[in-house]
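What follows is a single structure, written as structure tokens, with notes after it.
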Amino acid sequence: MEEKVKSFIEQILIDNGEEDCLKNYSLNANLKDDLGLDSFSLALLTVQIEDEFDIDVFDNGYIPKTVGDIISQL
């Protein structure tokens, strides 16, 4: 699962021309501060995760802030 999430994040950063932010990738990486994802990118990531894993990321009202937060919800 982590590799799939990482691939989604990598593709979003590449599409946004922000490949340099990949050096900050870790489970503790903050999606906004460390990886530079903006609101649109976070929405795109959410849709990709929900489609791939058939879950509602925000089902319990929890908003993930780090890569690890996402993984723990899967």
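List of remarks:
- Loop exposure criterion: trypsin sites (Lys or Arg not before Pro), DSSP state outside H, G, I, E and B, at most 15 other Cβ atoms within 10 Å. Applied to the chain, the longest stretch between such sites is 33-64.
- Restriction of the chymotrypsin sites (Phe, Trp or Tyr not before Pro) in the chain to DSSP coil positions whose beta-carbon has at most 12 other beta-carbons within 10 angstrom yields 58, 62.
- Computed over the chain, the per-residue total of -39500 (n - 2.57) for DSSP H runs of n ≥ 4 gives a 222 nm mean residue ellipticity of -15000 deg cm²/dmol, rounded to 500.
- Between the amide H of residue 66 and those of 31, distances stay under 5 Å, these residues lying 5 or more places away or on another chain, with hydrogens modeled in the peptide plane.
Readers should treat all values here as calculations from the given coordinates under stated rules, not as data from a laboratory. As the structure is a computational prediction, the values presented were derived from the model and not from experiment. Ideal geometry is used to build each Cβ from the backbone, glycine not excepted, and the neighbour counts take in all protein chains shown.
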